[in-house]
Amino acid sequence: MSSAPVAQLDRANGYEPLGCAFESHRAQVIFYSDWLNGRMVNKLNQEKYLREALKEAEKAYKKNEVPVGAVIVQDKKIIARAYNQTIKLNDPTAHAEILALRKAARKVGNYRLNDCQMYVTVEPCPMCAGALIWARAKELIYGASDPKSGACGSVINLFSEKKFNHHVKVTFGILEEDCRNLIQKFFRRRRY
């Protein structure tokens, strides 16, 4: 980096080719402080918990259920885990998210899970997204989008509806490739 004062470096921005980003020393310090303040730690935690959800999805895969897994975290501890069991239980509502929400509610002794995050391998359907709203979940983190029934933006977005009295924070794309590969492998296997 040049020894020019920060103000001069910032002015150099107008001389760059279109599409090139110039970062001043100040911008680099802000990014570095973001990293120190937890941005990277948060991403690593999200991956850690989503890997646990993937373990649940693998269980569903081995039992010939659609491989979706979910875990619910409260105070940095997993309090519930589940995987799809619609076939085994003969229950159209036995999605990983619903089963995990039921377990978590029993664990905390309350149907409201205000301070909980759900990690799920695939974007929730309308039923599961609605259940997250009713449970007052704090945050949803998911891996792969579902272009056929996703209710967090792929087909519809229940979380953007302003009339609901609770809004769930959504983060997506964490371990997306791993999550997508598992579900694609399952459906390829069923076709052949």
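The values are calculated or read from the model by the stated rules, or taken from the named source; none is laboratory data. In this text the structure is predicted, and so the values were computed from the model without any measurement. In case anyone asks, the SASA skips ligands and DNA or RNA and just uses the protein heavy atoms, side chains included. Shrake-Rupley method; radii C 1.70, N 1.55, O 1.52, S 1.80 Å.
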Task: Whole-Hz couplings from phi, Karplus 6.51/-1.76/1.60, listed for region 104-118; x for Gly and Pro - done: 5, 4, 5, 5, 8, x, 7, 6, 8, 10, 3, 9, 10, 10, 9
Task: From phi via Karplus (6.51, -1.76, 1.60), per-residue ³J(HN,Hα) for region 153-167 in Hz, x at Gly/Pro - done: x, 6, 9, 9, 9, 5, 6, 9, 5, 6, 6, 5, 8, 9, 10
Task: Listed pairs LYS48/LYS88; LYS107/LYS169; LYS76/LYS138; LYS43/LYS169; LYS59/LYS88 exceeding 18 Å between Cα atoms - done: LYS48/LYS88; LYS107/LYS169
TODO: List every residue whose amide H lies under 5 Å from the amide H of LEU113, counting only residues 5 or more places away in sequence or on a different chain, with H placed 1.01 Å from N in the peptide plane.
DONE: ARG136, ALA137
Open item on the list: List the residues, sorted by chain then number, that are 5 or more residues from VAL122 or on another chain and whose placed amide H is less than 5 Å from its amide H.
Closed with: GLY69, GLY143, ALA144
Open item on the list: Using the Cα atoms of region 46-192, I'd like the radius of gyration and the largest Cα-Cα distance, Dmax, both in angstrom.
Closed with: 14.0, 46
Open item on the list: Let me check the size of region 47-111 from its C-alpha atoms; what are the radius of gyration and Dmax in Å?
Closed with: 11.6, 33
TODO: Could you tell me the accessible area of PHE172 in Å² (1.4 Å probe, neighbours in place), rounded to the nearest ten?
DONE: 130
TODO: List the residues whose amide H sits under 5 Å from the amide H of VAL155, counting only those 5 or more places along or on another chain, with H placed 1.01 Å from N in the peptide plane.
DONE: GLY150
Open item on the list: A 32 angstrom limit on the alpha carbon distance is what I want to check against. Which of LYS103/LYS163; LYS62/LYS163; LYS103/LYS148 exceed it?
Closed with: LYS62/LYS163
